[in-house]
1. All but one of (1) touching a helix residue (DSSP H, G or I) at 6+ places or on another chain (Cβ under 6 Å); (2) farther than 18 Å from residue 159 by Cα; (3) assigned to a helix (DSSP H, G or I); (4) at pLDDT 95 or above hold for residue 96; which doesn't?
2. Any idea which of (1) surrounded by fewer than 22 Cβ atoms within 10 Å (Cβ to Cβ); (2) modelled with pLDDT of 75 or more is the one residue 88 doesn't satisfy?
3. Cβ-Cβ under 7 Å, sequence separation 6+ or interchain: first residue in segment 195-221 and in a helix (DSSP H, G or I), partner surrounded by 13 or more Cβ atoms within 10 Å (Cβ to Cβ) and at pLDDT 85 or above. Which pairs?
4. Can you name the condition, by its number, that residue 234 falls short on among (1) part of a helix (DSSP H, G or I); (2) modelled with pLDDT under 90; (3) surrounded by 12 or more Cβ atoms within 10 Å (Cβ to Cβ)?
5. Please return the ranges of helices (runs of 4 or more DSSP H) entirely within segment 239-354 where 1 or more residues are under 28 Å from residue 100 (Cβ atoms) and in contact with a strand residue (DSSP E or B) (Cβ under 6 Å, 6 or more places away or on another chain).
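The values are calculated or read from the model by the stated rules, or taken from the named source; none is laboratory data. Please read all numbers here as calculations on a predicted model, not as lab measurements. Every residue, glycine as well, gets a Cβ built from its backbone with ideal geometry; the counts of neighbours run over all protein chains shown.
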């Protein structure tokens with residue numbers, strides 16, 4: 001046998017082994033990815049898919065608020081929009097002051113696009129006969145680097161109201177989200193919690209969308225509420241959030257303008273206000289250019305509101321509404337007392353009666 005033939009005879013099995021290894025590796029990888037996708041879809045720890053076999057591990061209130069609007073009775077004529085910071089604005093108080101049945105449609109970590117999609121959902125799907133919208137905007141609702149909420153990128157009615165340019169990338173985002181390492185970790189935590197002990201919900205909503213922080217309110221009732229530590233936790237979270245917040249998002253400012261224009265086209269009166277933060281949080285965020293971002297939001301939102309003939313109130317600091325630093329649940333969530341003061345100021349400054 002020639003030398004070349006001998007080398008070919010030795011190389012052939014090695015080549016075959018290499019190809020077999022690659023094929024097995026690819027099949028194994030495909031199986032792992034498939035199992036990961038199925039795990040995340042059915043466990044659904046962040047409540048972004050339609051499955052609800054287990055309680056969600058993180059807080060995503062968008063689907064719940066949409067379902068609640070569908071069945072709310074009496075049919076709301078006033079809608080409260082914003083982030084979790086406005087969830088303590090009581091629809092019952094709004095109704096007493098305006099004569100309009102109200103619903104609190106605030107959702108956690110709301111960005112400006114949430115205002116628009118929730119309002120359109122309320123009108124076009126829930127068919128609410130709205131006459132008034134109270135809109136609380138956060139400074140960081142116009143974050144230029146914060147991504148769209150994963151739930152809005154799923155094939156659901158809320159996501160269908162996004163601007164076409166953003167919805168165009170939703171298919172790829174939906175696909176990759178199924179393999180997200182953080183979500184996979186949450187899925188295993190959720191499974192473990194379900195096997196070891198039943199995890200208790202830390203909040204619940206009244207039928208009108210009003211939020212009860214069950215765990216926090218229970219702590220407060222027993223006199224063991226450590227507000228200082230909760231503010232410190234908030235500072236840590238928002239220091240990271242503002243680290244790459246370098247400018248206002250033109251797209252999100254456009255969503256605010258679209259929200260106000262849509263309201264005007266449907267004969268809905270709107271009141272806009274800038275939500276407050278605890279003084280300690282504001283002071284800590286000085287190193288993250290908070291005051292500059294706040295000034296930019298004030299200028300931009302005031303301009304947009306003026307163009308749409310919508311009243312705008314800067315309630316971003318306690319002195320604007322006679323608020324108290326002790327009347328917070330943490331660094332950014334006003335409790336019932338501060339929220340009532342905000343509501344009274346907004347509606348007594350611009351009375352609305354049916």
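1. (1)
2. Evaluating residue 88 over (1) surrounded by fewer than 22 Cβ atoms within 10 Å (Cβ to Cβ); (2) modelled with pLDDT of 75 or more leaves (1) as the failure.
3. Filtered contacts from segment 195-221: 216/329; 219/225.
4. The failed condition is (2).
5. The helices (runs of 4 or more DSSP H) meeting that bar are 250-265, 290-307, 336-349.
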